[in-house]
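Novice: Just passing along the structure, written as structure tokens.
The values are calculated or read from the model by the stated rules, or taken from the named source; none is laboratory data. A quick note: this is a predicted structure, and the numbers were derived from the prediction, not measured. Cβ: placed from backbone, ideal geometry, glycine included. Neighbour counts: every protein chain shown. When the accessible area is computed, the model is the full protein with side chains, heavy atoms only, and any ligands, DNA or RNA have been set aside. Shrake-Rupley method; radii C 1.70, N 1.55, O 1.52, S 1.80 Å.
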Amino acid sequence: MEEIALMRRCLTLARRAVGRTSPNPMVGALLYKDGRIIAEDYHRKAGSLHAEALVLNKAGAAAQGATLFVSLEPCCHTGKRTPPCVDAIVRAKVKRVVAAMADPNPAVSGKGLEMLKNSGIETEVGILHADAKRLNEAYVKFITTRGIPFVTLKAAITLDGKMATPDGQSKWITCEKSRHYVHRLRGSVDAVLTAIGTVKADNPRLTARIRGLKSPVRVVVDPYLQTPRDYEILKTPPQTIICTQEADTRGFPPGVEFIHYGCRLDLKWLMRELGQRQQITSVLIEGGASLTGHAIEDGIVDKVVFFIAPKIIGGKGVYSPVSSRSFRGIDSPYEVFDMKARTLGTDIVIEGYL
């Protein structure tokens with residue numbers, strides 16, 4: 001039970017860097033000796049010292065004979081911006097290393113733990129493995145698929161399944177606490193994907209308006225370059241990327257980037273483009289029914305987050321959250337698994353994996 005509590009502390013430390021370490025994983029670590037924690041820390045951003053190096057530096061000579069708890073297997077590869085953590089652990093004469101999970105990166109993937117064993121350091125892996133994997137689910141997918149981002153689909157609906165009134169009004173279906181949580185979601189991902197219909201209807205900024213959180217890159221599907229040049233998404237930092245069929249991109253503000261495609265946008269292709277060209281490891285979809293339907297049909301969605309407000313709109317409008325070219329039968333739907341539901345203010349939030 002003590003070791004579980006210590007690993008849980010590592011995961012708590014790692015979460016302090018939500019949204020700031022990409023394309024690196026979030027990692028927390030601590031040194032435990034003589035019944036107490038003698039040092040603890042977490043990886044803050046790509047290019048900075050890893051969590052293991054930070055706690056070893058804090059502990060100094062006291063690290064000798066201690067147990068290192070870390071939420072991810074220590075790295076052993078070179079050719080990156082920071083030196084291998086395994087070497088520092090061996091030099092510090094740590095007695096034992098406990099990792100929540102092995103690093104899925106093929107450059108590490110068990111090699112770090114093996115090197116520690118060969119240096120006479122006891123190792124253990126697997127404590128709170130599922131929690132550690134979920135914490136870094138975007139990193140795990142990105143590294144194991146060679147550059148495809150982890151995609152979360154967000155939608156807000158009423159009790160009668162509407163995401164807008166028949167005349168298109170959608171502000172605000174959800175309560176203030178739910179909207180605050182959406183800002184946290186944005187702050188946890190590298191990019192937000194939307195479409196021109198949402199941009200023209202709402203003139204959104206799609207930023208994370210919470211102190212301490214970074215705002216994501218905005219990716220707009222705009223086939224015919226209809227985004228008004230004075231809209232917030234083009235004026236407000238950070239970067240905006242427009243996916244379009246049009247070749248002539250004159251008239252857009254400096255800094256806007258473009259990804260060009262043919263007659264139909266393949267979202268699987270777009271995800272690979274974003275991952276490989278932009279190092280985007282995670283994407284949040286915030287769009288209308290057409291984009292959400294397209295995303296589900298193209299098979300890019302890993303996770304869904306649905307906000308259900310205690311409101312009934314009625315009417316015969318077609319504003320359901322998912323509008324696709326075809327439908328699945330009751331006996332073969334897209335199924336959500338590992339689902340969790342909770343209340344947030346007056347709303348219900350349902351999260352699960354597709």
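Novice: Normalised by the residues of the range 222-296, what does the relative contact order come to in percent, with Cα pairs under 8 Å and at least six apart?
Specialist: Result for the range 222-296 is 23 percent.
Novice: Can you tell me what share of the DSSP beta bridges in the chain is antiparallel? A percent to the nearest 5 is fine.
Specialist: Bridges in the chain that DSSP calls antiparallel: roughly 40 percent.
Novice: Next question, about the same structure. Of the accessible area of the chain, with the probe set at 1.4 angstrom, what percent is carbon plus sulfur?
Specialist: Looking at the chain in its full context, I get 53 percent from C and S.
Novice: Name the long-range amide H neighbours of PHE150: under 5 Å, sequence gap of 5 or more, or other chain; modelled H, no Pro or chain starts.
Specialist: When sequence neighbours closer than 5 places are left aside, the close amide H contacts are PHE142, SER282, VAL283.
Novice: While we're looking at this one, here's another question. Quote the FRET efficiency, to the nearest 0.05, computed for LYS268 versus ASP34 with a Förster distance R0 of 35 Å and r equal to the Cβ-Cβ distance.
Specialist: Numbers: r = 53 Å, r/R0 = 1.51.
Using R0 = 35 Å, I get an efficiency of 0.10.
Novice: Enter the Cα centre distance for the pair the range 1-38 and the range 80-144, rounded to the nearest angstrom.
Specialist: Each part's Cα centre sits 13 Å from the other's.
Novice: Using label points projected 7 Å from each Cα along Cα→Cβ, tell me how many nm separate ALA247 and THR144, to one decimal.
Specialist: 4.2 nm
Novice: So, in nm, how far is label HIS77 from label LYS45 when the simple model puts each one 7 Å beyond its Cα toward the Cβ?
Specialist: Label-label distance for HIS77 and LYS45, simple model: 2.3 nm.
Novice: What accessible area per residue comes out for the chain, rounded to a whole number of Å², with a 1.4 Å probe?
Specialist: Dividing the accessible area of the chain by its residue count gives 48 Å².
Novice: In the set (i) 17.9; (ii) 20.2; (iii) 15.7, which value of mean projected area of the Cα convex hull in nm² was calculated from the structure you see?
Specialist: (ii)
Novice: Let me ask something else about it. Assuming a ≥ b ≥ c are the square roots of the Cα gyration tensor eigenvalues, decide whether the range 203-319 counts as rounded (a/c under 1.5), prolate (otherwise, with a/b larger than b/c) or oblate. Walk me through the intermediate numbers first.
Specialist: On the way: a/c = 1.41, a/b = 1.28, b/c = 1.10.
Verdict is rounded for the range 203-319.
Novice: Moving to a separate point now. What size of dipole, in debye to the nearest 20, comes out for the range 19-97 about its Cα centre when the only charges are +1 on Lys and Arg C-beta atoms and -1 on Asp and Glu C-beta atoms?
Specialist: 120 debye
Novice: Which of the lysines could be linked to LYS93 by a straight reach, that is with a Cα gap under 17 Å, when you skip same-chain ones fewer than 8 residues away?
Specialist: Output for LYS93: LYS33, LYS58, LYS117.
Novice: With charges only on Cβ, +1 for K and R and -1 for D and E, what is the dipole size of the chain about its Cα centre, in debye, rounded to 20?
Specialist: Charge dipole, the chain, about its Cα centre: 860 debye, nearest 20.
Novice: For LYS340 and VAL18, what does the FRET efficiency come to when R0 = 22 Å and r is the distance between their Cβ atoms, rounded to the nearest 0.05?
Specialist: On the way: r = 18 Å, r/R0 = 0.81.
After rounding, the FRET efficiency stands at 0.80.
Novice: Now for a separate question. Picking from ILE308, ILE242, VAL217, whose Cα lies most toward the positive end of the charge dipole for the range 188-333 (charges on Cβ: Lys, Arg +1; Asp, Glu -1)?
Specialist: Of the options given, the answer is ILE308.
Novice: Let me ask something additional. Could you work out the relative contact order of the chain, using alpha carbon pairs under 8 angstrom and six or more residues apart, expressed as a whole percent?
Specialist: 16 percent
Novice: Distance check, please: which entries in LYS133/LYS171; LYS45/LYS111; LYS45/LYS133 exceed 26 angstrom between their Cα atoms?
Specialist: Cα-Cα > 26 Å for LYS133/LYS171; rest within.
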